[in-house]
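Enquirer: I'd like to ask you about the structure that follows.
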Amino acid sequence: MRKNIVAGNWKMNMTLPEGVALAKELNEKLKSAETNCDVIIAPPFTHLASIVAVVDTNRIKVAAQTCSNKVSGAFTGEVSPDMVKSTGATAVILGHSERRQFFGVTDEQVKEKVDLVIERGMTPIVCIGENLEQREKGIYFDVIGTQVKKALFHLNPDDFRKVILAYEPVWAIGTGKTATAEQAEEVHSFVRKLIASQYGTQVADDTTILYGGSCKPSNARELFSQPDVDGGLIGGASLKADDFMGIITAF
Ligand code: PGA
């Protein structure tokens, strides 16, 4: 059975005190909330250990927003998978479109990071998605298919089962333009079929595929009601506890 998950990607927002306060607020609200999904938050690296210390990690998993594809050494400014793990974080977002677009992360590097993160016993949350030009040209299935295959299809079935996917159309991220529920479902169902073709229907059925891109309390329910949409990766709306709770309780 696949899990429903709502994950918050804080991006480069919140100072340490602000982030700790938000995590505590969310932790309190979740104590009394009825929910049908797992909750993950991904604060900046600098906040990970402090946030792990103030939340109930059975209820809120803590993730990093990226990590290095190197194990250790002279890579100034990089943060290794072991360092992330040592904070108590248990997941890492990989291949986010902002990392691909602004920091030149390639599918090959995403693949290397996926391997290291799985080796360290953490969960990779792998982002895929087309940009506006690729959508308008009608080549988005090719783009997304290539991203999935290059980053993940070298994995054996047991390791593939550890992966969470997040479909994030680049044109919908932070733009207020959400993919319609039909557009999201079309891609999610395509990705699930692709997984089935490589790993079989059981693995495909068990894979959690999140939607991301201007997801908010007002549209979460419709998106999450799609058969192949198993939750969301939430940027802007994860920065306010009430908005994030509104999405969590959309399940
Ligand atoms: P957004 O970001 O919800 O602010 O559009 C989503 C993401 O990039 O993960």
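The values are calculated or read from the model by the stated rules, or taken from the named source; none is laboratory data. Treat the numbers as computed from the prediction; the structure is a model and nothing was measured. Please note: Cβ atoms are built from the backbone with ideal geometry, for glycine as well, and neighbour counts cover all protein chains shown. All accessible areas refer to the heavy atoms of the entire protein, side chains included, with ligands and DNA or RNA removed. Shrake-Rupley method; radii C 1.70, N 1.55, O 1.52, S 1.80 Å.
Enquirer: Hand me the list of helices (runs of 4 or more DSSP H) wholly inside segment 57-144 holding 3 or more residues that are more than 30 Å from GLY176 (Cα to Cα). Even if it seems obvious, please write down each step before you answer.
Expert: Working: elements: 81-86, 97-103, 107-119, 132-136.
Those helices (runs of 4 or more DSSP H) span 81-86, 107-119.
Enquirer: Tell me yes or no: at least one residue of segment 17-35 is touching a Ser or Thr at 6+ places or on another chain (Cβ under 8 Å) and either assigned to a helix (DSSP H, G or I) or under 21 Å from LEU152 (Cα atoms) (or both).
Expert: Narrowing segment 17-35 to residues touching a Ser or Thr at 6+ places or on another chain (Cβ under 8 Å): 19-20, 33-35.
Checking which are either assigned to a helix (DSSP H, G or I) or under 21 Å from LEU152 (Cα atoms) (or both) leaves us with 19-20.
Yes, some residue in segment 17-35 is touching a Ser or Thr at 6+ places or on another chain (Cβ under 8 Å) and either assigned to a helix (DSSP H, G or I) or under 21 Å from LEU152 (Cα atoms) (or both).
Enquirer: Every residue in segment 92-121 that is within 16 Å of the ligand (Cβ to nearest atom) and among the hydroxyl-bearing types (Ser, Thr, Tyr), please.
Expert: The initial filter retains those residues of segment 92-121 that are within 16 Å of the ligand (Cβ to nearest atom), namely 92-103, 105, 110.
Result: SER97, single match.
Enquirer: So which of VAL163, VAL148 ends up being touching a strand residue (DSSP E or B) at 6+ places or on another chain (Cβ under 7 Å) and farther than 23 Å from GLY8 by Cβ? Walk me through it before giving the result.
Expert: On the way: VAL163 fails: farther than 23 Å from GLY8 by Cβ.
Going through VAL163, VAL148 in turn, just one is touching a strand residue (DSSP E or B) at 6+ places or on another chain (Cβ under 7 Å) and farther than 23 Å from GLY8 by Cβ: VAL148.
Enquirer: Among the candidates GLN202, GLN198, which residue alone is within 21 Å of LYS113 (Cβ to Cβ), away from the ligand (no atom under 16 Å from the Cβ) and surrounded by fewer than 17 Cβ atoms within 10 Å (Cβ to Cβ)? Break it down into steps so the answer makes sense when it comes.
Expert: Numbers: GLN202 fails: within 21 Å of LYS113 (Cβ to Cβ).
Of the residues listed, the single one that is within 21 Å of LYS113 (Cβ to Cβ), away from the ligand (no atom under 16 Å from the Cβ) and surrounded by fewer than 17 Cβ atoms within 10 Å (Cβ to Cβ) is GLN198.
Enquirer: Just a yes or no: is a residue in segment 211-218 assigned to a helix (DSSP H, G or I) and surrounded by fewer than 19 Cβ atoms within 10 Å (Cβ to Cβ)? Working first, answer last.
Expert: Going residue by residue through segment 211-218, those that are assigned to a helix (DSSP H, G or I) are 217-218.
Within this subset, residues satisfying the condition of being surrounded by fewer than 19 Cβ atoms within 10 Å (Cβ to Cβ) are 217-218.
Within segment 211-218, one or more residues are assigned to a helix (DSSP H, G or I) and surrounded by fewer than 19 Cβ atoms within 10 Å (Cβ to Cβ).
Enquirer: In segment 1-22, which residues are open to solvent by 10 Å² or more (accessible area, probe 1.4 Å) and away from the ligand (no atom under 16 Å from the Cβ)?
Expert: MET1, ARG2, LYS3, ASN4, THR15, LEU16, PRO17, GLU18, VAL20, ALA21
Enquirer: Scan ILE125, ILE139, ILE118, ILE144 and give me the residue that is free of Cβ contacts under 8 Å to residues at least 12 places away in the same chain and hydrophobic (A, V, I, L, M, F, W, C). Break it down stepwise before answering.
Expert: Values: ILE125 fails: free of Cβ contacts under 8 Å to residues at least 12 places away in the same chain; ILE118 fails: free of Cβ contacts under 8 Å to residues at least 12 places away in the same chain; ILE144 fails: free of Cβ contacts under 8 Å to residues at least 12 places away in the same chain.
From the options ILE125, ILE139, ILE118, ILE144, the qualifying one is ILE139.
Enquirer: Moving to a separate point now. Please go through segment 214-251 and pick out each residue that is more than 24 Å from GLU28 (Cβ to Cβ), within 13 Å of the ligand (Cβ to nearest atom) and modelled with pLDDT of 95 or more.
Expert: Within segment 214-251, ASN219, LEU223 meet the criteria.
Enquirer: Against the definition (over 25 Å from GLY236 (Cα atoms), open to solvent by 60 Å² or more (accessible area, probe 1.4 Å) and not aromatic (Phe, Trp, Tyr)), how does LYS177 come out, yes or no? So that I can check it myself, show each step before the final result.
Expert: Values: over 25 Å from GLY236 (Cα atoms): no; open to solvent by 60 Å² or more (accessible area, probe 1.4 Å): yes; not aromatic (Phe, Trp, Tyr): yes.
In short, no.
Enquirer: Return the pair list, or none, for Cβ contacts closer than 6 Å from residues in segment 234-246 that are of a type in the set (Ser, Thr, Tyr) to residues that are surrounded by 18 or more Cβ atoms within 10 Å (Cβ to Cβ), at least 6 apart or on different chains.
Expert: Matching pairs, first to second residue: SER238/GLY8; SER238/PHE244.
A quick yes/no check of all residues on (1) modelled with pLDDT under 95; (2) over 15 Å from the mean Cα position of the chain (by Cα); (3) among the aromatic types (Phe, Trp, Tyr):
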position: LYS11; (1), (2), (3): no, no, no
position: MET14; (1), (2), (3): no, yes, no
position: LEU26; (1), (2), (3): no, yes, no
position: LYS29; (1), (2), (3): no, yes, no
position: SER32; (1), (2), (3): yes, yes, no
position: ILE40; (1), (2), (3): no, no, no
position: PRO43; (1), (2), (3): no, no, no
position: HIS47; (1), (2), (3): no, yes, no
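Enquirer: Continuing with the same structure: So which of ALA49, ALA33, ALA74, ALA63 is open to solvent by 70 Å² or more (accessible area, probe 1.4 Å) and either in contact with a Cys (Cβ under 8 Å, 6 or more places away or on another chain) or among the small types (Gly, Ala, Ser) (or both)? Before you say what the answer is, go through the steps one by one.
Expert: Values: ALA49 fails: open to solvent by 70 Å² or more (accessible area, probe 1.4 Å); ALA33 fails: open to solvent by 70 Å² or more (accessible area, probe 1.4 Å); ALA63 fails: open to solvent by 70 Å² or more (accessible area, probe 1.4 Å).
Residue meeting the stated conditions: ALA74.
Enquirer: Failed condition for GLU186, given (1) free of Cβ contacts under 8 Å to residues at least 60 places away in the same chain; (2) within 9 Å of the ligand (Cβ to nearest atom), with all others met?
Expert: Unmet for GLU186, out of (1) free of Cβ contacts under 8 Å to residues at least 60 places away in the same chain; (2) within 9 Å of the ligand (Cβ to nearest atom): (2).
Conditions (1) open to solvent by 70 Å² or more (accessible area, probe 1.4 Å); (2) of a type outside the set (Val, Ile, Thr); (3) over 18 Å from the mean Cα position of the chain (by Cα); (4) farther than 23 Å from ILE5 by Cβ, marked per residue:
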{"residue": "GLU136", "(1), (2), (3), (4)": "yes, yes, yes, yes"}
{"residue": "ASP142", "(1), (2), (3), (4)": "yes, yes, yes, yes"}
{"residue": "GLN147", "(1), (2), (3), (4)": "no, yes, no, no"}
{"residue": "ARG161", "(1), (2), (3), (4)": "yes, yes, no, no"}
{"residue": "LEU165", "(1), (2), (3), (4)": "no, yes, no, no"}
{"residue": "GLU168", "(1), (2), (3), (4)": "no, yes, no, no"}
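Enquirer: Residue by residue through segment 106-115, note down the ones that are open to solvent by 20 Å² or more (accessible area, probe 1.4 Å), touching a residue at least 40 places away in the same chain (Cβ under 8 Å) and not acidic (Asp, Glu).
Expert: Of everything in segment 106-115, those that are open to solvent by 20 Å² or more (accessible area, probe 1.4 Å), touching a residue at least 40 places away in the same chain (Cβ under 8 Å) and not acidic (Asp, Glu) turn out to be GLN109, LYS111.
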